[in-house]
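Below is one structure, written out as structure tokens; the observations come after it.
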Amino acid sequence: MRFSYWSMALSFFLPLSVLANEDPLAELLPRLAAAEQAREQRRQGRTTLATTVWEELDDEGKTKSRLESLERSEWREGKRTATVVRATQDGQDVTGKVREQRAKEEKDRAESKEKQFQLDYLPFSPREQGRYRFEVKGPDARRPHLLRIAFAPRDGKSPDGLVGEALVDGSRGELLRISTRPTQLPKLAEKVDITLEFDAPGTQGRELSRILATGEGGVLFIKRRVRSTTTFSYAP
């Protein structure tokens with residue numbers, strides 16, 4: 001979604017120096033911003049394919065309905081355009097219906113005056129970092145060479161902000177995982193949790209590989225529980 005790396009010797013000792021530094025974020029945040037900027041630059045002019053499995057769950061967490069879709073996205077001049085290639089719901093083709101629904105959502109979003117959260121530019125991005133405050137929470141329990149960094153909007157509950165925690169490889173200045181939720185929930189939603197995983201290593205840095213999301217909400221006695229898994233692949 002480039003950057004100057006430290007020398008190999010400094011990179012080797014970075015996990016120790018980061019933990020010892022009184023303000024490790026002073027060194028780490030610019031490196032994370034550079035890595036995010038490079039990832040954002042790489043996606044320009046490149047095709048991304050997103051395969052999503054969306055499930056509605058019953059009270060026991062079992063699948064009631066399953067929607068699968070394939071979406072093709074392209075970035076031009078910092079803006080993303082997306083096309084639904086195909087979609088099926090419980091085995092039935094619903095490509096046309098999903099395309100209509102996405103078009104309506106895009107129109108409503110464009111006409112809405114309310115700010116909404118988005119995942120195209122993350123809190124560590126150069127264009128977003130200034131809006132957020134960050135705090136080192138310490139090393140990861142299972143992998144102590146990795147750091148946990150909490151983030152939240154500086155101005156409190158920004159309507160289009162995110163709050164959560166990131167797992168960071170300090171030696172490389174790269175994101176490995178972000179666990180987050182919107183500061184302001186979408187309409188009718190009572191709970192939304194999102195995890196972004198960066199498990200697709202490339203020659204120029206890690207890429208977003210998967211987004212996991214769960215949500216709950218509804219009106220009165222009509223409640224819905226949903227979960228989705230989106231996996232990404234990249235074309236040159």
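The values are calculated or read from the model by the stated rules, or taken from the named source; none is laboratory data. Here the structure is a predicted model, which means the values were calculated and not measured. Because the Cβ atoms are built from the backbone with ideal geometry, glycine has one as well, and the counts that use them run over all protein chains shown. Remember, those area values only see protein heavy atoms, side chains included, never the ligands or the DNA or RNA. Shrake-Rupley method; radii C 1.70, N 1.55, O 1.52, S 1.80 Å.
Note on the chain: lysine pairs with Cα distance below 18 Å, sequence gap of 8 or more or different chains, count 18. Computed 3J(HN,Hα) for region 178-193, one whole-Hz value per residue from the Karplus formula 6.51 cos²θ - 1.76 cosθ + 1.60 where θ = phi - 60°, is 10, 10, 8, 8, x, 5, 10, 6, x, 4, 6, 8, 10, 7, 9, 10, glycine and proline marked x. Summed over the residues of the chain and divided among them, the accessible surface reaches 61 Å² per residue at a probe radius of 1.4 Å. The charge dipole of region 65-123, taken about the Cα centre with unit charges on the Cβ atoms of Lys, Arg (+1) and Asp, Glu (-1), comes to about 120 debye, rounded to the nearest 20.
Each of Glu216 and Leu188 was given a label point 7 Å from its Cα along the Cα-to-Cβ line. The distance between the two points is 1.8 nm. The listed peptides 138-150, 115-127, ordered by packing as a protection proxy, come out as 115-127, 138-150 (highest mean of other Cβ atoms within 10 Å first). Here the peptides 157-168, 96-107 are ranked by packing, the mean other Cβ count within 10 Å, and the order with the highest first is 157-168, 96-107. Per-atom-type breakdown for region 93-143 gives carbon and sulfur 45% of the accessible area (1.4 Å probe, protein chains only).
Using θ = phi - 60° in the Karplus curve 6.51 cos²θ - 1.76 cosθ + 1.60, the 3J(HN,Hα) couplings for region 58-74 round to 8, 5, 9, x, 8, 6, 9, 8, 9, 10, 10, 9, 10, 10, 10, 10, 9 Hz; x is entered for Gly and Pro. When Cα extents along the principal axes in Å is calculated for this entry, the matching label among (1) 57, 41, 36; (2) 106, 33, 31; (3) 54, 31, 28 is (1). Relative contact order of region 172-229: 28 percent, from C-alpha pairs under 8 Å at least 6 residues apart in sequence.
Other residues lying with their Cβ under 15 Å from the Cβ of Tyr121 contribute a combined charge of +2, Lys and Arg counting +1, Asp and Glu -1.
For region 22-72, what class follows from the C-alpha gyration tensor (a ≥ b ≥ c being the square roots of its eigenvalues): rounded when a/c is under 1.5, otherwise prolate if a/b is larger than b/c, else oblate? Oblate.
Taking amide H atoms as placed 1.01 Å from N in the peptide plane, the amide H of Val94 lies under 5 Å from those of Ala87, Thr88, Gln89, each 5 or more residues away in sequence or on another chain.
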